[in-house]
Amino acid sequence: MIRSAKNAEILGESLTQVGFNIDNSLGAVLGGIPISMGFDYQSAALVGSFLASFENCFALAFRYFERKILKKVKM
């Protein structure tokens, strides 16, 4: 992130920290929902595995479209 934010390294680093904090709080809230509904603590791990799978799919899609755009720019 810092390498791609040329002339705005501080902004890039702060956005990285903001993203981490948002992900951390969303994980706590979404993981706490099944516990508050009366399920056991393993259900929070299921929510976490679903979120991790979703984020991996999102990262792969982002990478795909990024490469597709870069190919168009190089031509």
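The values are calculated or read from the model by the stated rules, or taken from the named source; none is laboratory data. Just so you know, these numbers come straight off a predicted model, no measurement behind them. Here the Cβ positions follow ideal geometry from the backbone for every residue, glycine too, while neighbour counts run over all protein chains shown.
General remarks:
- Count of residues meeting criterion [within 20 Å of ALA52 (Cβ to Cβ) and of a type in the set (Asp, Glu)] in segment 10-40: 2
- Being charged (D, E, K, R) and in a helix (DSSP H, G or I) is a property that ASP23 has.
- Only a single criterion out of (1) in contact with a Ser or Thr (Cβ under 6 Å, 6 or more places away or on another chain); (2) modelled with pLDDT of 85 or more; (3) not aromatic (Phe, Trp, Tyr) is not satisfied by MET1, namely (2).
Each row is one residue, and each column tells you yes or no for (1) among the aromatic types (Phe, Trp, Tyr); (2) in contact with a Gly (Cβ under 7 Å, 6 or more places away or on another chain).
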site	(1), (2)
VAL29	no, no
SER36	no, no
TYR41	yes, no
GLY48	no, yes
SER53	no, no
CYS57	no, no
GLU66	no, no
LEU70	no, no
